[in-house]
Every structure is written in structure tokens, then in C-alpha cells.
Amino acid sequence: MCGRYVQTSPADALAARFGARLPEGLAWVPRWNVAPSTPAPVVRADGPGRELALLTWGLLPSWAKDAAGLRPINARAEGLAGKPMFRDALRRRRALVPADGFYEWQASGPGKVPWHFRLKGGGAFAFAGLWERREAPGGPPLETFAIVTTEANDVVRPVHARMPVILDAEAEALWMREGALSPDEAARCLRPLDASRMEAWAVSSWVSSPARDGPRCVEPAG
DNA sequence: CCAGACGTTGTT
DNA sequence: GTCTGG
DNA sequence: CCAGACGTTGTT
DNA sequence: GTCTGG
């Protein structure tokens, strides 16, 4: 799964890295502990191009009667095209969710140990994302997103059975192509990243409280 | 037909 | 135990 | 995802 | 909105 991640790149760097328009006034303070129900930067289609936007993590479908209720933060890649909750978003509202790391909790023995995962040497990447817009009478529409998950690769598996989909350069382009993807194209995007490209280390349970933030979150456990 | 769900993860 | 908030 | 709350009445 | 279960 993926229920907490790192996104420290400034908005202008994200716009440059992902070829997205940067809306005036969009601000992002680097975060080492992005949690569900909070805003985070997302890259989505903007006419023929792309734009950066801040959306709330936890997908609220357009047909939801109220803002409460189910807001899945993840969407399983397996069987995704058949899920009423995600089908329309998979066809028309795919997104890149920029990050530079994520956490998984190892539930072995008493207590849970958080681990930090990133690309070898660090650097920005994109999770495969889906987004939705739900109109809200008398207010601005609620825009939300979810992160697609798949089975864990060899780096993540010792810690957790699932991991977020990290798109490589080719998959980024395909995932953001206009129009629906064929089942084969979707499957090509939604695979576990090659384990040789990742590194991981255990971190202090200091990160476990979503109220905490800062570089300390990713310091190796002492 | 209508009513009710629509999700993931982990644990038992 | 279960729900809400971040 | 995890952490933290989980309630009412009346008074200030 | 759309699918599943009764």
C-alpha cells in the first residue's frame, strides 16, 4: 500500500521536471510526511498540455452524495478497469503524483517499523494517480486523487506485500497520453518498478505521527 | 424491478 | 473496538 | 498510513 | 453514475 510519502521538490522544479504549467499562486512547502486527507501536488492534463495542481489525497467520486464516506487513498492496479469507483477516472483522469520517496510499515512482531523507499541516490519520480472532481453547491469543487498500487518488488516485499506504482519515463508518457488506454497499455504502466532502481532503509517511528514533518522523517533508524 | 454499494490493507 | 483527522 | 478520540450539560 | 444482490 502507500499511505504516507515524501514530496520535497518545489513547485517550479516539479513544473520543469514534468513539463507542466505552473498556475500563478500555487505554493508548496517541502514535505517529508504527506498524509491522506491533505493537499499534495498532482500533474494532470490541461488541454493539449499539462498543469500542476494541488488536490486532496483520498478520491471522492463525482457522484458521492456528501463529502464524507469512502475516500480511497489507493486503487489496486489488478482489476482496476472494472471498478465503478475508478473506471471513469482510469479512462479520462489519469495523473502523475510527484514524489521522492514513500513509507511502508513492517508489521513483524510487536510494534510496527516504518521504512523509507526511494530511487537509488534520490530524485523526483511520479506515482501513477487517478483524480476526480466533485461539484460542491455553494463552494469550489472538491478535487481529489488516489495512488495506484501493485504487488511489491524485491526491495519492498520484505517489508510489505504491496507498493505504489512508480512510473518510469516511458510509462509516464503513456499514462498521460490523451484518451483511454488499452488493457495492454494500462498493464504496461502499472507494474512494480524494477527493484534494481530502488533503495530502502528503516526509519524512526518518529515519522508515524502524521503531525510530524521535516528531514528527520527519513533519517535512518538509530 | 429497487436498494444499496461503490475501497484498500491487514488480520483472524 | 471503531471512527475521524492529519 | 498512523494517532488519537471516543460525551453531555451548563457555566464562563 | 453504474453495478450487484435480492
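Scan region A:173-221 for residues that are loosely packed, with under 14 Cβ neighbours inside 10 Å, free of Cβ contacts under 8 Å to residues at least 40 places away in the same chain and within 16 Å of DNA strand D (Cβ to nearest atom) and the total you get is 2.
Within region A:181-198, the set of residues being within 18 Å of A:THR149 (Cβ to Cβ) and among the small types (Gly, Ala, Ser) comprises A:ALA186, A:ALA187, A:ALA195. State yes or no: is A:LEU70 closer than 23 Å to A:ILE166 by Cβ and of a type in the set (A, V, I, L, M, F, W, C)? No, not satisfied.
Of all residues in region A:103-145, those satisfying the criterion of being within 12 Å of DNA strand D (Cβ to nearest atom) and either part of a strand (DSSP E or B) or not polar (S, T, N, Q) (or both) are A:TYR103, A:GLU104, A:TRP105, A:GLN106, A:ALA107, A:GLY111, A:LYS112, A:VAL113, A:PRO114, A:TRP115. Only one of (1) over 23 Å from A:VAL34 (Cβ atoms); (2) within 16 Å of DNA strand E (Cβ to nearest atom); (3) not in a loop (DSSP other than H, G, I, E, B) fails for A:ALA180. Which number is that? A:ALA180 satisfies all of (1) over 23 Å from A:VAL34 (Cβ atoms); (2) within 16 Å of DNA strand E (Cβ to nearest atom); (3) not in a loop (DSSP other than H, G, I, E, B) except (3). Mind checking which residues of region A:24-42 are out of contact with any Phe, Trp or Tyr (no Cβ under 7 Å at 6 or more places or on another chain) and either more than 15 Å from A:VAL207 (Cβ to Cβ) or surrounded by fewer than 22 Cβ atoms within 10 Å (Cβ to Cβ) (or both)? If the condition is that a residue be out of contact with any Phe, Trp or Tyr (no Cβ under 7 Å at 6 or more places or on another chain) and either more than 15 Å from A:VAL207 (Cβ to Cβ) or surrounded by fewer than 22 Cβ atoms within 10 Å (Cβ to Cβ) (or both), then A:GLU24, A:GLY25, A:LEU26, A:ALA27, A:TRP28, A:VAL29, A:PRO30, A:ARG31, A:ALA35, A:PRO39 are the ones that fit.
Within region A:62-83, residues that are part of a loop (DSSP other than H, G, I, E, B) reach partners that are of a type in the set (Phe, Trp, Tyr) and more than 7 Å from DNA strand B (Cβ to nearest atom) with beta carbons closer than 7 Å, at six or more positions or on different chains, in the pairs A:ILE73/A:TRP57. The residues of region A:35-67 that are in contact with a strand residue (DSSP E or B) (Cβ under 9 Å, 6 or more places away or on another chain), within 16 Å of DNA strand B (Cβ to nearest atom) and either under 24 Å from A:ILE166 (Cβ atoms) or not hydrophobic (A, V, I, L, M, F, W, C) (or both), listed by number, are A:ALA35, A:PRO36, A:SER37, A:THR56, A:TRP57, A:GLY58, A:LEU59, A:PRO61, A:SER62. Per the listing A:TRP28, A:TRP32, the residue uniquely more than 16 Å from DNA strand B (Cβ to nearest atom), among the aromatic types (Phe, Trp, Tyr) and assigned to a loop (DSSP other than H, G, I, E, B) is A:TRP28. Could you say whether any residue in region A:157-170 is more than 18 Å from the chain's Cα centre (by Cα) and surrounded by fewer than 18 Cβ atoms within 10 Å (Cβ to Cβ)? Scanning region A:157-170, I find at least one residue that is more than 18 Å from the chain's Cα centre (by Cα) and surrounded by fewer than 18 Cβ atoms within 10 Å (Cβ to Cβ), so the answer is yes. Residues in region A:102-112 that are surrounded by fewer than 22 Cβ atoms within 10 Å (Cβ to Cβ) and modelled with pLDDT of 95 or more: A:TRP105, A:GLN106.
The values are calculated or read from the model by the stated rules, or taken from the named source; none is laboratory data. Quick caveat: nothing in here was measured; it's all calculated off a predicted structure. Positions of Cβ are generated from backbone atoms using ideal geometry, with glycine treated the same way; all protein chains shown enter the neighbour counts.
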